[in-house]
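To start, the structure itself, in structure tokens.
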Amino acid sequence: SLLVVDDEPAFIRLLNLSLSREGFTVHTASNGEDALDLAAEIHPDAVILVLSLPDMDGLDVLRDLRERSDMPVIVVTGAQSTGEVRRGLDRGADDYVTKPFSPVELAARVRAVLRRRRRVAGRTFKVGSCIVDLDRRTVVPTALAAVTGRKPSLGRGGWRILEALLS
């Protein structure tokens with residue numbers, strides 16, 4: 001799921017419609033405080049964050065999101081200056097787009113940051129809150145391991161299916 005944060009209703013409707021057509025579940029917030037609350041509640045896969053918000057600076061929202069999670073954040077800015085873009089990237093944004101932009105391009109950028117986040121290294125992937133290592137055949141951490149101290153057992157067929165899905 002995605003969290004889109006912007007105070008312009010027309011822009012939110014446009015992104016909601018276009019990103020939904022691309023297969024994403026879209027949640028929206030129109031200010032920084034609501035965005036932080038909603039992000040803590042739904043744990044989105046990625047956030048699309050406009051820097052100009054009515055209640056707080058978007059860079060402060062970005063900082064607070066980074067303190068809580070490593071979810072990908074794509075910053076949207078209307079500024080054409082490299083200074084604002086640089087500040088966003090320096091504060092932890094994974095990517096940025098400047099207005100006006102194509103919703104199709106934004107969807108492609110979202111898919112790209114999600115792919116980068118999913119693949120940790122080699123045949124190791126981040127899936128939700130778990131790290132899946134196909135070579136070692138481990139999934140860490142999982143609720144099962146935390147409760148029982150055991151690793152999940154998928155069997156050879158299960159690992160083959162998981163490997164095919166992640167590839």
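Counting only residues that are more than 13 Å from Leu15 (Cα to Cα) and among the hydroxyl-bearing types (Ser, Thr, Tyr), which one in segment 87-115 is nearest to the chain's Cα centre (by Cα)?
Out of the qualifying residues, it is Tyr96.
Looking only at segment 63-88, which residues are within 14 Å of Gly32 (Cβ to Cβ) and open to solvent by 20 Å² or more (accessible area, probe 1.4 Å)?
Arg63, Asp64, Arg66, Glu67, Arg68
Within segment 44-62, identify whether any single residue is assigned to a strand (DSSP E or B), open to solvent by 10 Å² or more (accessible area, probe 1.4 Å) and among the acidic types (Asp, Glu), and answer yes or no.
Among the residues of segment 44-62, at least one is assigned to a strand (DSSP E or B), open to solvent by 10 Å² or more (accessible area, probe 1.4 Å) and among the acidic types (Asp, Glu), which makes the answer yes.
Do we have Ala35 as crowded, with 22+ Cβ neighbours inside 10 Å and within 11 Å of the chain's Cα centre (by Cα) here?
On the way: crowded, with 22+ Cβ neighbours inside 10 Å: yes; within 11 Å of the chain's Cα centre (by Cα): no.
Answer is no for this residue.
Restricted to segment 8-24, and to residues that are closer than 22 Å to Arg111 by Cα and out of contact with any Pro (no Cβ under 9 Å at 6 or more places or on another chain), which residue is most open to solvent (accessible area, probe 1.4 Å)? I'd like the intermediate steps shown before the answer.
Taking segment 8-24 as the starting set, the residues that turn out to be closer than 22 Å to Arg111 by Cα are 11-24.
Subsequent filtering for residues that are out of contact with any Pro (no Cβ under 9 Å at 6 or more places or on another chain) retains 11-13, 16, 20, 23-24.
On the way: Phe11: 28, Ile12: 25, Arg13: 153, Asn16: 57, Ser20: 55, Gly23: 66, Phe24: 36 Å².
Taking the candidates together, the pick is Arg13.
State all residues of segment 63-75 that are in a helix (DSSP H, G or I) and not basic (Lys, Arg); if no residue qualifies, say none.
Taking segment 63-75 as the starting set, the residues that turn out to be in a helix (DSSP H, G or I) are 63-68.
Answer for segment 63-75, where residues must be in a helix (DSSP H, G or I) and not basic (Lys, Arg): Asp64, Leu65, Glu67.
Just to be sure I understand, how many residues within segment 96-116 are open to solvent by 20 Å² or more (accessible area, probe 1.4 Å) and either basic (Lys, Arg) or within 7 Å of Ile74 (Cβ to Cβ) (or both)?
Residues in segment 96-116 being open to solvent by 20 Å² or more (accessible area, probe 1.4 Å) and either basic (Lys, Arg) or within 7 Å of Ile74 (Cβ to Cβ) (or both): 6 in total.
Report the residue count in segment 1-43 for those that are touching a strand residue (DSSP E or B) at 6+ places or on another chain (Cβ under 7 Å), part of a helix (DSSP H, G or I) and of a type in the set (A, V, I, L, M, F, W, C).
Adding up the residues that qualify gives 7.
Name the pairs: first residue in segment 22-34 and in contact (Cβ under 8 Å) with a residue 12 or more places away in the chain, second residue assigned to a helix (DSSP H, G or I) and among the charged types (D, E, K, R), Cβ to Cβ under 7 Å, at least 6 apart or on different chains?
Gly32/Asp60
The values are calculated or read from the model by the stated rules, or taken from the named source; none is laboratory data. Please read these numbers as outputs of a predicted model, since none were measured by experiment. Every residue, glycine among them, receives a Cβ derived from its backbone with ideal geometry; neighbour counts consider all protein chains shown. Heads up: the accessible areas ignore ligands, DNA and RNA and are worked out on the full protein's heavy atoms, side chains in. Shrake-Rupley method; radii C 1.70, N 1.55, O 1.52, S 1.80 Å.
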